[in-house]
1. Taking the criterion of being at pLDDT below 90, in a helix (DSSP H, G or I) and closer than 23 Å to B:V92 by Cβ, would at least one residue in segment A:384-401 satisfy it?
2. Being outside any strand (DSSP E or B) and either among the small types (G, A, S) or surrounded by fewer than 24 Cβ atoms within 10 Å (Cβ to Cβ) (or both) is the filter here, so list the residues in segment A:337-354 that pass it.
3. Given the condition within 26 Å of B:P89 (Cβ to Cβ), facing chain B (nearest Cβ under 7 Å) and in contact (Cβ under 8 Å) with a residue 40 or more places away in the chain, answer yes or no: does some residue in segment A:407-428 qualify?
4. Please go through (1) surrounded by fewer than 24 Cβ atoms within 10 Å (Cβ to Cβ); (2) without any contact (Cβ under 8 Å) to a residue 60 or more places away in the chain; (3) closer than 26 Å to A:G169 by Cα for A:K264 and return the number of the only condition it doesn't satisfy.
5. Does segment A:65-101 hold any residues that are of a type in the set (D, E) and at pLDDT 80 or above, and which are they?
6. Quick check on my filter: what residues within segment A:404-445 are surrounded by 23 or more Cβ atoms within 10 Å (Cβ to Cβ) and either part of a strand (DSSP E or B) or among the aliphatic types (A, V, I, L, M) (or both)?
7. In the set B:V90, B:V49, which member is within 9 Å of chain A (Cβ to nearest Cβ) and out of contact with any Lys or Arg (no Cβ under 7 Å at 6 or more places or on another chain)?
Amino acid sequence: MSETKALESMIGEEYKYGFTTDVEYEDFPKGLNEEIIRFLSKKKKEPEWMTEFRLKAYRGWKEMEEPSWFNATYESPDFDNVQYYSSPKDRPEVESLDDIDPKIKETYDKLGIPLEEQKMLSGVAVDAVFDSVSIFTTFKEKLAEAGVIFCSISEAIQKYPELVKKYMGSVVPARDNFYAALNSAVFSDGSFCYVPKDTICPMELSTYFRINNMDSGQFERTLIICEENSHVSYLEGCTAPMYDKNQLHAAVVELVALENAEIKYSTIQNWYSGDENGKGGIFNFVTKRGICKGDNSKISWTQLETGSAVTLKYPSVILKGDNSIGEFFSVAVTGQMQQADTGTKMIHLGKNTKSTIISKGISAGRSNNSYRGEVKISKKADNARNYSQCDSMLIGQTCGAHTFPYIESSNPTGKIEHEATTSRVGEDQIFYLQQRGISEDDAISLIVNGFCKEVLKELPMEFAVEANKLLDIKLEGSVG
Amino acid sequence: MLEIKDLHVTVEGEDITILKGVNLTVNKGEIHAIMGPNGSGKSTLSKVVAGHPEYEVIQGDILYNGESILELDPDERSHLGIFLAFQYPVEVPGVTNNTLLRESYNTIAKSRGREELDPLEFDDYIQDKLELVEMSPTFLSRSVNTGFSGGEKKRNEIFQMAVLQPSLSFLDETDSGLDIDALKIVANGINQLHGKDDAVVLVTHYQRILDYIIPDFVHVMMDGKIIKSGDKSLALELEKQGYEWLENYATVNGEAK
């Protein structure tokens with residue numbers, strides 16, 4: 001049965017971006033204690049309150065148990081063997097592209113990241129995070145004109161301490177959960193965005209992440225604040241070079257939308273997923289949460305998850321303001337030995353709040369793909385509504401798809417709808433399309449794209465092309 | 001055009017032989033009907049000609065315009081002009097009829113050295129094909145076979161045939177599940193599409209569709225072989241006497257041609 005084999009080998013494609021860049025590092029010793037945190041904070045010239053925030057988180061983390069309720073099995077990261085900070089050495093302030101390490105630039109070029117000016121004309125501002133330190137931020141001036149602040153979180157701590165102090169930890173508290181606490185203690189860098197009142201951010205904002213140092217945990221911290229009547233769309237994409245050892249990635253993303261504000265946050269995640277036997281690959285344990293703080297505000301998460309050995313991620317929305325809207329659109333693709341346990345939480349607190357969840361899981365190889373979602377309607381949330389749709393697609397005979405919906409309504413006027421389907425890409429489907437002249441590769445691509453269409457159309461145009469490219473990379477070489 | 005020689009076929013990975021020596025020759029301009037009881041191998045024959053990976057040819061050959069096609073993938077056979085109208089058309093959610101058809105049309109056009117059509121040209125091209133099977137244009141924006149009624153699915157197959165203009169069409173029980181009005185529409189479509197340069201092979205249980213599409217040859221299949229061939233009158237005879245009549249015939253005469 002060559003086609004079945006072909007299907008099973010699908011998504012089993014060798015990682016394309018598996019190269020490393022040879023740059024010098026300025027490293028901290030491995031492991032974690034208060035000393036290291038103080039040192040890290042000092043190194044970053046942080047104010048006292050920031051150091052305290054980190055220490056408080058660390059003390060909380062030390063008391064916490066590593067969670068294990070996920071539908072995934074993996075060897076726990078060795079937290080004593082993680083390097084909690086690294087940065088390219090002798091980093092100068094970058095004025096132009098010519099100033100950055102040519103090897104780093106080469107890496108970005110291979111990834112097709114549009115750092116060059118001409119590519120920037122497409123309207124993407126890039127805050128590139130190479131390892132733990134932001135190297136380059138573009139289009140800053142144009143954003144500044146509009147009054148939008150977009151910079152690294154380190155810079156924000158220096159320049160806009162009041163904003164950071166007010167909002168950091170307000171959505172994801174320092175001791176929210178094991179990995180969020182760890183991040184709060186040791187976060188290295190990340191992005192900060194502030195959109196003032198009555199402002200439509202003039203461009204899509206984008207950040208690329210990349211792990212490039214063995215054992216260097218990545219602890220990104222992102223904070224986006226959208227003031228009244230404002231709008232911002234933020235894109236995040238990541239891909240990592242091939243390494244043989246598990247690498248921990250524990251990011252925290254916080255979104256705050258005030259009255260009538262709208263935040264759209266899109267992710268394409270393509271971390272190294274390990275080899276075909278499940279060796280290596282990134283642990284992607286992320287806490288992403290947004291709060292619709294003001295009335296009539298809206299937060300929308302869109303994600304295309306294709307990478308990582310293990311993904312545990314539940315971008316959530318707290319619907320506090322009346323009439324606020326939360327959305328979650330997700331495509332999660334797992335192949336080989338990948339494990340993904342991902343979904344969302346919609347917490348309805350305000351009146352007439354509305355949430356939509358559309359999740360598409362595609363599993364192949366010997367992978368395991370779980371949707372886990374919680375919809376909670378509190379007592380005061382009159383007329384809250386939720387619609388959830390969770391579809392799973394299986395490719396081959398050895399993968400798994402699971403759905404874990406949790407529903408809790410404390411208000412009799414709440415309305416919750418949940419739909420779920422499971423389907424299999426069968427030989428018959430492929431044969432049908434092949435009979436119509438379409439090659440096997442294109443047939444699989446058509447079937448999968450058709451399945452994900454509802455979600456992919458939510459991605460901003462700039463990302464749609466990349467999303468298709470990524471799906472194609474995953475689907476390539478399926479003819480066995 | 002098509003020459004099937006002593007074809008023996010098993011299901012891949014299993015010991016059961018489904019086709020046990022099928023011989024069939026189809027020439028340009030002809031319409032053939034293959035009839036036979038359930039499990040006689042009619043549908044298998046259609047799928048094997050189209051190259052379904054589930055089946056393995058263990059003996060014999062299939063020649064198309066003089067050349068063996070056994071080593072060709074289904075899409076390559078399609079590019080040669082071989083079309084199969086499915087007994088059970090497959091649903092492809094999220095992919096519109098229009099997308100699939102344009103992709104199909106252009107892939108086949110490219111491989112046959114015909115001009116590819118851009119979306120606007122394709123839109124023009126497709127309009128009268130819709131009329132042929134009396135389908136509304138809204139049908140184009142619906143996902144392939146998803147949520148279609150049985151009759152719509154079958155009509156969609158003939159619509160695809162009209163768009164792709166194959167040289168050799170196997171229609172696998174296209175008449176099953178159609179009400180009498182739909183049957184007339186489908187039969188009328190097939191008649192209009194058929195000309196002197198192409199051939200049609202109808203696989204069917206019932207005589208009914210042959211009232212509308214007059215076959216040049218009728219073959220009866222039983223237990224993996226064609227046991228009797230004749231003209232249209234054979235179908236009528238079958239209708240009258242049932243397949244049992246031929247079961248005896250098979251034992252007495254052995255391999256019939």
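1. Within segment A:384-401 (the criterion being at pLDDT below 90, in a helix (DSSP H, G or I) and closer than 23 Å to B:V92 by Cβ), the answer is no, since none of the residues qualifies.
2. Within segment A:337-354, A:M337, A:L349, A:G350, A:K351, A:N352 meet the criteria.
3. Yes.
4. (2)
5. Correct list: A:E65, A:E66, A:E75, A:D78, A:D80.
6. Result: A:I430, A:L433, A:I438, A:A443, A:I444.
7. B:V90
Every residue, every condition in (1) assigned to a helix (DSSP H, G or I); (2) out of contact with any Asp or Glu (no Cβ under 7 Å at 6 or more places or on another chain); (3) within 20 Å of A:E34 (Cβ to Cβ), yes or no:
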{"residue": "A:F150", "(1), (2), (3)": "no, no, no"}
{"residue": "A:E155", "(1), (2), (3)": "yes, yes, no"}
{"residue": "A:L163", "(1), (2), (3)": "yes, yes, no"}
{"residue": "A:K166", "(1), (2), (3)": "yes, yes, no"}
{"residue": "A:V171", "(1), (2), (3)": "no, no, no"}
{"residue": "A:A174", "(1), (2), (3)": "no, yes, yes"}
{"residue": "A:A180", "(1), (2), (3)": "yes, yes, yes"}
{"residue": "A:A185", "(1), (2), (3)": "yes, yes, yes"}
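The values are calculated or read from the model by the stated rules, or taken from the named source; none is laboratory data. This structure is a prediction, so every number in the text was calculated from the model and none was measured. Every residue, glycine among them, receives a Cβ derived from its backbone with ideal geometry; neighbour counts consider all protein chains shown.
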